[in-house]
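Chemist: One structure is given below, represented as structure tokens, and several questions about it will come after.
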């Protein structure tokens, strides 16, 4: 069997869950071809999988990780953005035609999904955000900038409507999330009634790698382990890494402190900065062992990281990027479920972070363990394998 996987290339959340799926299929001697760009492409270069480099598509961001609609419009423009998408779509059609997969999996990639639809290939969509909302922007703008920002809002609404229509051409929609009432992406899943029959909530696609009993993980530990794992697009990632490094290197000695910079181009190995152990890039095994040992996770509010924490029963301190609607909604929901403390990036300092970590360890640990218990024995990856088998059998 042949499997074609096209994850969104922004950040590492999409590619890491697709990596877990691909490795499951590799154990069954399935031929897998990836297609992606930007951060995910850097990840794939280290993965050992066969991949195709797609035309990159991205938003423009400010230094602090804030999505900048004006910069996106002025540098990309409607014409350039549309042409890049068409080029990416043409590339997907060519690759899928040449590879002749039995099933195509798109992780939040419109071009992969549409190309599979054009070529009449069975297609699975993985996503945790059906309704793509305009980034919030409460800042004051010059009068000269307002027409461009108004145009950006109109274009965004049009693109959002087209995206929601395009998602519907999938044969099956996999949402790697918990079933109601515990769904983390609840506020991002405004799915039309006619599409809901295609949707399956399957739980996280990143199950525990080692299955160490939770009580045994912390035996003999003198200090709580704070694991700060940063991910996201490069500009956003760099800003938070620098901010956390400055804060954590002088943090109280009450904690063991580890920072993963999430840089797929970074070097392996640990370096010490003050009281902080820093890893530019961690092997999968090292990352998961650290995640399992951790007492609290500090991160952005990406869906995949939150689901990893839930799968391990870890309380969280979440720092969503400014005006990032999807992550703000994820953080809000995690806070409502009692598994996270949410911090405003603009107020992030040593005192705020120390208080948030202490509060999360005290108030959120039990809820995180309870939410982990709702997962049961079913595997999200197993559900994807079953879905692929169903589509192949139905051909």
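Chemist: Can you name every one of the helices (runs of 4 or more DSSP H) wholly within the range 60-132 that holds 2 or more residues which are more than 21 Å from the chain's Cα centre (by Cα) and modelled with pLDDT of 95 or more?
Modeler: Correct list: 77-99, 110-118.
Chemist: In the list 22, 40, which residue meets the criterion of being in the same structural domain as residue 90 (by TED's automatic domain parsing) and more than 16 Å from residue 104 (Cα to Cα)?
Modeler: On inspection, the qualifying residue turns out to be 40.
Chemist: Which numbered condition trips up residue 271, out of (1) outside any loop (DSSP other than H, G, I, E, B); (2) surrounded by 12 or more Cβ atoms within 10 Å (Cβ to Cβ)?
Modeler: Looking at each condition in turn, residue 271 falls short on (2).
Chemist: Residue 323 fails exactly one of the following numbered conditions: (1) modelled with pLDDT of 95 or more; (2) buried (at least 16 other Cβ atoms within 10 Å of the Cβ). What is the number of that condition?
Modeler: Tallying (1) modelled with pLDDT of 95 or more; (2) buried (at least 16 other Cβ atoms within 10 Å of the Cβ), residue 323 fails exactly one: (1).
Chemist: Another question about this same structure. Would you confirm whether or not the range 308-326 contains a residue that is without any contact (Cβ under 8 Å) to a residue 24 or more places away in the chain and not assigned by TED's automatic domain parsing to the domain that holds residue 18?
Modeler: no
Chemist: Another one. Tally time: how many residues in the range 11-33 are within 21 Å of residue 234 (Cα to Cα) and modelled with pLDDT of 90 or more?
Modeler: 8
The values are calculated or read from the model by the stated rules, or taken from the named source; none is laboratory data. Worth saying up front: this structure is predicted, and the values here are computed from it rather than measured. Note that we place each Cβ from the backbone using ideal geometry, even for glycine, and neighbour counts take in every protein chain shown.
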